[in-house]
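Every number in this text was worked out from the coordinates using simple rules, so none of it is lab data. None of the values given here were measured: they were computed from a predicted structure. Don't worry about glycine lacking a Cβ; one is built from the backbone with ideal geometry, like all the others, and counts go over all protein chains shown.
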Amino acid sequence: MGELGWYKNCLAMVSNPAQPYVALGRVDGIVDFINVSAPDNPKILSELNLCKEGISDIQFSQQGNYMVACAVETGIIFVIEVFSFKFIGLC
């Protein structure tokens, strides 16, 4: 089985309902997208540095096209387009 041992500071982990991706919210405000189509060899697809506060909640849209990530301590909500891994909005 593959390992991502450097993810000890993960606050949230959610799988995409349509793609073999996992999103990880970290204590340093970064969201990582991991391709888990080969469980023995997970690959980082993208790393988004959203803020300095921890990303403690993540949800995907039903089709998996969009994701929201929240820094609960500050109440900031980020909207991300998944297929381009681009930040598209802030609430």
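Starting from 0.36 nm per residue, how many nanometres of slack lie between D28 and V72 once their C-alpha separation is accounted for? Don't skip to the end; give the middle numbers.
Working: separation 44, 0.36 × 44 = 15.84 nm, distance 1.29 nm.
Going from the current span to full extension adds 14.6 nm.
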For the pair A38/Q63, report the inter-label distance in nm, with labels modelled 7 Å from Cα in the Cβ direction. 3.0 nm
